[in-house]
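Peer 1: Input: one structure, supplied below.
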Amino acid sequence: GIDERVHIQPQVSLSKSESESESESKWDTSTISYRPPVGDDVRFILRKIKDSGIKSIAVALLHSYLYPAHEESILHIIEEDEFKTSFDYISLSSHVMPMVKLVPRGCTTIVDAYLTPIIKDYLHGFVNKFDSQQGVTSPFG
């Protein structure tokens, strides 16, 4: 795995409610990135993935719903010359499903990384069948 850390710092402000005499707490959060993913570690893992023949990547980091910069830094590494042509599809959980819970976000990102290239290939072949047959017009344009 990739060792990255994001510290979520809650900030509490108390304000009097107009309709009630009790005070209610309002929570705001700010993030502090204090351990971004290390490029060499990411490259090492990407080399292993590339060597195994995997063509689609799903990236899901714990707090990326709130702080997507770490996932985006991994995307920038994937887009470098060494890996540029190695992977057909990259899916970031912060782009696919920016929600708090990691498991559903991660599962959705994995499904996106797995199925999107298959669906694109299927639709491309489907449209090409129409184009290759004489006298048949594609319903897609």
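Please treat every number below as a calculation from the coordinates, not as lab data. Since the model is a prediction, treat every value here as computed from it, not as a measurement. Here the Cβ positions follow ideal geometry from the backbone for every residue, glycine too, while neighbour counts run over all protein chains shown.
Peer 1: Within the range 48-141, report the GluC sites (Glu not before Pro) that DSSP leaves as loop and that have at most 16 other Cβ atoms within 10 Å.
Peer 2: Values: sites: Glu71, Glu72, Glu79, Glu80, Glu82; in loops: Glu79, Glu80, Glu82.
Those satisfying the criteria are Glu79, Glu80, Glu82.
Peer 1: Can you list, bin by bin at 5 Å, the percent of alpha carbon pairs in the range 36-141, starting at 0?
Peer 2: 2, 12, 18, 18, 16, 11, 7, 7, 5, 3, 1, 0
Peer 1: Another question, then. Lysine pairs in the range 44-141 8 or more apart or on different chains: how many have alpha carbons under 25 angstrom apart? Before the final figure, lay out each step's value.
Peer 2: On the way: Lys48/Lys84; Lys50/Lys84; Lys50/Lys120; Lys55/Lys84; Lys55/Lys120; Lys84/Lys120; Lys120/Lys129.
Final tally of qualifying lysine pairs is 7.
Peer 1: Which order do the peptides 89-96, 110-117 take when ranked by the mean count of other beta-carbon atoms within 10 Å per residue, highest first? Could the numbers behind the result be given before it?
Peer 2: Details: 89-96: 20.8, 110-117: 16.5.
Per-residue Cβ counts within 10 Å, averaged per peptide and sorted highest first, yield 89-96, 110-117.
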